[in-house]
Amino acid sequence: MRVVRSVAQLRAALRESGPGGVGLVPTMGALHEGHLSLIRAARRDHATVVVSVFVNPTQFTEAADLASYPRDEARDVELAASAGAGLVFAPDAAEMYPEGFATSVSVRGAITETLEGAMRGSAHFDGVATVVAKLLIAAAPDSAYFGAKDAQQVVVVRRMVADLGIPTRIVVCPTSREENGLARSSRNTRLSPEARTRALAIPGALRAVQRAVRDGERSATELHRLATEVLAGAGLRAEYFAFVHPDTLLPIEHVLGPTLCAVAARVDEVRLIDNVLLDPAEAPAR
Ligand code: PAF
């Protein structure tokens, strides 16, 4: 396992890699089983796997969130190696944003204005799109791996890659969940045991919605009411609990085709997101 800190070192290391292609797993560190599943998927597809570890300041809209973001590079390197990565790219902020940096990649329209964009402001996805573009340019991977938990990020990255003609295949891997259903997130480490129990209402609400759709419910208003009840049972109120088209992210009133059901909620001060894809074709219509 090699750790490189500059784009020049990364490119030199990749020039030495053999055939079989390059898979990139972009991360902000604090690796957990979800990241490891992305690394394993990349390793199944490619001979060389690069994991980037960079806590990207420009995508944080709350200073406290950035300050408290967990960091443990030695542990990340060990875990990345155990899952099959051969290279870790761990630049500092000056390497990614050198003095005089003045460029931003901004994906416009509903896909960045809704959900996370509405809650966190447009700077969040500008930060994500800019850093992902820089990582894809730096590593020039054949494929890059993202988790379905960040569904809106995936839509934005796909749009950006298509618009800029970046020749990297974007691979989306299923959300990794703990046995109790909680979606794995680096932020989970900040949950107290009591908050962790209450957080289970988030996947609980999503499951309740899935069951209702399976039983024939189609009204987003009714499904929203049901989810709100489940969350309220744990003392939680969603920042959003939305039913949107999986590609355009435009709101959907009736679940008549594949629909992304996405939620963001704070448990104490920890902000969690999760989602499921609803498919009414799997259920009898009412
Ligand atoms: O999903 C993340 O961890 C980040 O948004 C990413 C893609 C690594 C960009 O900083």
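Every number here is computed from the coordinates shown, using simple stated rules; none is lab data. This one's a predicted model, so the numbers in the text were calculated from it and none came from an experiment. Using ideal geometry, Cβ is built from the backbone for each residue, glycine included, and neighbour counts are taken over all protein chains shown.
Can you find, within the range 137-179, the residue that is farthest from the ligand (Cβ to nearest atom) among those that are more than 24 Å from Ser6 (Cα to Cα) and assigned to a strand (DSSP E or B)?
Filtering first and then ranking leaves Arg177.
Report every pair of residues separated by at least 6 positions or lying on different chains whose Cβ atoms are under 6 Å apart, first residue within the range 38-62 and closer than 16 Å to Ala93 by Cα and within 15 Å of the ligand (Cβ to nearest atom), second assigned to a loop (DSSP other than H, G, I, E, B) and of a type in the set (Gly, Ala, Ser).
As it stands, the answer is Val53/Gly29; Val53/Ala90, since those pairs meet every condition given.
If we scan the range 120-131, do we find a residue that is touching a residue at least 24 places away in the same chain (Cβ under 8 Å), part of a helix (DSSP H, G or I), away from the ligand (no atom under 12 Å from the Cβ) and among the hydrophobic types (A, V, I, L, M, F, W, C)?
yes
Being polar (S, T, N, Q) and either within 14 Å of the ligand (Cβ to nearest atom) or surrounded by 21 or more Cβ atoms within 10 Å (Cβ to Cβ) (or both) is the filter here; which residues of the range 110-119 pass it?
Matches in the range 110-119: Thr112 only.
Does Val55 satisfy being assigned to a strand (DSSP E or B), surrounded by 14 or more Cβ atoms within 10 Å (Cβ to Cβ) and of a type outside the set (Ser, Thr, Tyr)? Steps first, please.
Working: assigned to a strand (DSSP E or B): no; surrounded by 14 or more Cβ atoms within 10 Å (Cβ to Cβ): yes; of a type outside the set (Ser, Thr, Tyr): yes.
Judged against the criteria, Val55 is not a match.
Which pairs have Cβ atoms under 6 Å, sit 6 or more apart or on different chains, and link a residue in the range 152-179 that is closer than 24 Å to Leu200 by Cβ to one that is more than 13 Å from the ligand (Cβ to nearest atom) and not in a helix (DSSP H, G or I)?
Gln152/Leu115
Go through (1) surrounded by fewer than 19 Cβ atoms within 10 Å (Cβ to Cβ); (2) over 24 Å from Ala41 (Cα atoms) one by one and return the number of the condition Gly181 breaks.
So the condition that Gly181 fails would be (2).
Would you point out the residue of the range 157-177, among those that are over 19 Å from Ala41 (Cβ atoms) and among the charged types (D, E, K, R), that is surrounded by the fewest Cβ atoms within 10 Å (Cβ to Cβ)? Write out each step before concluding.
Restricting attention to the range 157-177, the residues satisfying the condition of being over 19 Å from Ala41 (Cβ atoms) are 159-160, 162-167.
Then keep just the ones that are among the charged types (D, E, K, R); that gives 159, 163.
On the way: Arg159: 17, Asp163: 12.
Within the range 157-177, the match that is surrounded by the fewest Cβ atoms within 10 Å (Cβ to Cβ) is Asp163.
With respect to Ala205, determine if the residue is crowded, with 18+ Cβ neighbours inside 10 Å, more than 16 Å from the ligand (Cβ to nearest atom) and under 17 Å from Leu260 (Cβ atoms).
Numbers: crowded, with 18+ Cβ neighbours inside 10 Å: yes; more than 16 Å from the ligand (Cβ to nearest atom): yes; under 17 Å from Leu260 (Cβ atoms): yes.
Yes: the conditions hold for Ala205.
For Val107, only one of the following conditions fails: (1) within 14 Å of the ligand (Cβ to nearest atom); (2) surrounded by 19 or more Cβ atoms within 10 Å (Cβ to Cβ); (3) of a type in the set (A, V, I, L, M, F, W, C); (4) not in a loop (DSSP other than H, G, I, E, B). What is its number?
Only one criterion in (1) within 14 Å of the ligand (Cβ to nearest atom); (2) surrounded by 19 or more Cβ atoms within 10 Å (Cβ to Cβ); (3) of a type in the set (A, V, I, L, M, F, W, C); (4) not in a loop (DSSP other than H, G, I, E, B) is unmet by Val107, namely (4).
Can you give me the number of residues within the range 215-254 that are in contact (Cβ under 8 Å) with a residue 40 or more places away in the chain, surrounded by 13 or more Cβ atoms within 10 Å (Cβ to Cβ) and in a loop (DSSP other than H, G, I, E, B)?
5
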